[in-house]
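Everything below concerns the one structure shown next.
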Amino acid sequence: MKAMEQQQQRLLLLMAFVMPFSFSVWMVLINNFSIDVANFTGREIGILQSLREVPGFLAFTVVFALLLIKEQRLALISLLTLAVGIAITGLFPSVAGLYFTTVLMSIGFHYKCTPF
């Protein structure tokens, strides 16, 4: 039992480090990428940042997801969703593509950051 608790603690510490790190990487890169590669103007960046917050307003739905899956599994799925959203951002250098990857990344971020 002690080994299981240590494994869970390590996972929690790893997730506590990876979540803010990955979001920080996205924040640093998205502004330059959206302007230099996708040719965003202030209007598109404003829409992008607005869309990034939509999953935050819907984060209460995590309670319903917890009826179906355990907290640890949901946290891992959320972290994976965040990572996939960030990883594929560079593959979609268009307005719609960046909107999609931003919402995907934000779903993972907000579901992981919602207190279970």
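Every number here is computed from the coordinates shown, using simple stated rules; none is lab data. This is a predicted model, so every value here is computed, not measured. Neighbour counts are summed over all protein chains in view; Cβ atoms, including those assigned to glycine, are modelled from backbone coordinates with ideal geometry.
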Subject >> Rounded if a/c under 1.5, otherwise prolate or oblate - segment 38-88, Cα gyration tensor axes >> reply: oblate
Original post:
How far is it, in nm, from the label point at VAL103 to the one at ILE47 when both lie 7 Å from their Cα along the line to the Cβ?
Top reply: 1.2
Original post:
Relative contact order of the chain: what whole-number percent is it, with Cα pairs under 8 angstrom and at least 6 residues apart?
Top reply: 32
Subject >> In order through segment 75-85: 3J(HN,Hα) via Karplus (6.51 cos²θ - 1.76 cosθ + 1.60), integer Hz, x for Gly, Pro >> reply: 4, 5, 5, 5, 5, 5, 4, 4, 5, 5, x
**OP:** Compute the signed sum of charges (Lys and Arg +1, Asp and Glu -1) over the other residues within less than 12 Å, Cβ to Cβ, of ALA59.
**Re:** 0
Original post:
What does the helix-only formula give at 222 nm for the chain: each DSSP H stretch with n ≥ 4 adding -39500 (n - 2.57), the total divided by the residues, and the result rounded to the nearest 500 deg cm²/dmol?
Top reply: -26500 deg cm²/dmol
**OP:** Can you tell me the 0 to 90 degree angle between the C-alpha axis of helix 95-113 and the longest principal axis of the chain, rounded to 10?
**Re:** 20
Original post:
For helix 2-36, what angle does its Cα long axis make with the longest principal axis of the chain, in degrees from 0 to 90 and rounded to 10?
Top reply: 0
**OP:** With +1 on each Lys and Arg Cβ and -1 on each Asp and Glu Cβ, and nothing else charged, work out how big the dipole of segment 17-113 is about its Cα centre, in Debye to the nearest 20.
**Re:** 220
**OP:** Given the peptides 97-103, 59-65, arrange them by the average over their residues of other C-beta atoms within 10 Å, most packed first.
**Re:** 97-103, 59-65
Subject >> Angle between the chain longest axis and helix 42-57 axis [Cα atoms, degrees, rounded to 10] >> reply: 20
Subject >> Inter-label distance, nm, simple model (7 Å from Cα along the C-beta direction), LEU91/GLU5 >> reply: 4.2
Original post:
Calculated from the structure, Cα Rg over 2.2 N^0.38 Å equals which of (i) 2.61; (ii) 1.42; (iii) 1.17?
Top reply: (iii)
